[in-house]
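Worksheet: one structure, shown below.
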Amino acid sequence: MVINSFYKGILFTCIASIFWGLPQPLFFNELNHINFLEVVLHRGFWSFLFLFLILLSISKIIDFVNIFKSPKKIFVLSITASLIASNWGGFIYAVSEERVQDASMGYFITPMISIILGYIFLNEKISLLKLFSVLLMTFAIIFLFFNMSEIPFLVILIGTTWAIYGLLRKQINVSPSIGLLYESFIITLISLPYLIYIYKIGESSFFTVNTKTTIFLILTGLVTIFPLFFFNLGLKYIQLGLAGVLFYLAPSFHFLTSVFILGEDIFFAKLISFIIIWIGIVLYIFDTVRNQSNENNIR
């Protein structure tokens, strides 16, 4: 029974990670004829609407209401709302500009940033192997910078916003679904007036381009909620560390999708940077799994 539950957790987490890595960039690529900001705002609004209806049907809205009783939760989740919106914006912009590889690299370096943030703000220990993996990833970004003569803004934006988002969400006891509901609510407070405004002045893509575009804009909410549901379901059966390792399927599929499906060119400097980052990730995963095994043996 325990083994079956364990494999269930792996299956559900893999479904979420693969969905994030393959269908999601292809989905947003179908909206690359629209301003990425409008797509982000639609994503926030429809995520809130669909998630609200789902949670209402399973009687969890009271948890959402309780957030407003805690000034700390309101403050932290309002910040994370801006971070998740920035992360969405970076990813959708990367897809629209045929730079999915940058998004992939951004999510790959997130652990590097998370380790540094955990060390600084949470006093978490860093093993020598993890420190070496961080140094490798840092070197990869520096190598990319010097060989492309530009600062990899998208890589840094996506990596840092996701890492800081994770750090802040660890500071409050709120479930991922309820937290996302509040975050999408905050985004909706900004997006809905703007979406109504651009619709009135005739600059909206909703109901004005074609039926496919309208449907895809609505589906941005479901595309956001679907992998989150399976990822949270997987966390019920497996440990967070293992789920984090399986998450690397997402940026791996981002990279494969960008090259073999979307036809993005891969420059030599980027390929070398990816190889260095992958080596760092392998060391990071090895150290994580080894430490987890040692903890289990102690128990």
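The residue list 52, 64 contains one member that is farther than 27 Å from residue 215 by Cα and out of contact with any Ser or Thr (no Cβ under 8 Å at 6 or more places or on another chain), which is 64. Here residue 186 fulfils each of the conditions (1) modelled with pLDDT under 90; (2) among the β-branched types (Val, Ile, Thr); (3) in a helix (DSSP H, G or I) apart from (1). Considered as a group, the residues in region 79-130 that are among the basic types (Lys, Arg) and in contact with a helix residue (DSSP H, G or I) (Cβ under 7 Å, 6 or more places away or on another chain) include one that is farthest from residue 223 (Cα to Cα), and that residue is 130.
For region 239-269, filtering for residues that are part of a loop (DSSP other than H, G, I, E, B) and among the hydrophobic types (A, V, I, L, M, F, W, C) leaves 5.
Entry remark, region 55-112: residues being of a type in the set (Gly, Ala, Ser) and in a loop (DSSP other than H, G, I, E, B) number 2 in total. Number of residues in region 206-227 that are of a type in the set (A, V, I, L, M) and open to solvent by 30 Å² or more (accessible area, probe 1.4 Å): the value is 5.
Scanning region 119-135 for residues that are over 18 Å from residue 289 (Cβ atoms) and either touching a Phe, Trp or Tyr at 6+ places or on another chain (Cβ under 7 Å) or open to solvent by less than 80 Å² (accessible area, probe 1.4 Å) (or both) gives a single hit, 122.
Tallying residues that are on the phi < 0 side of the Ramachandran plot and assigned to a loop (DSSP other than H, G, I, E, B) within region 118-170 yields 9. Once region 90-112 is narrowed to residues that are touching a Gly at 6+ places or on another chain (Cβ under 6 Å) and closer than 15 Å to residue 285 by Cα, the residue that is surrounded by the most Cβ atoms within 10 Å (Cβ to Cβ) is 109.
The values are calculated or read from the model by the stated rules, or taken from the named source; none is laboratory data. These numbers were taken from a predicted model, which means no experiment stands behind them. Please note: Cβ atoms are built from the backbone with ideal geometry, for glycine as well, and neighbour counts cover all protein chains shown. Accessible surface is based on the protein model in full, side chains and every heavy atom, while ligands, DNA and RNA are left aside. Shrake-Rupley method; radii C 1.70, N 1.55, O 1.52, S 1.80 Å.
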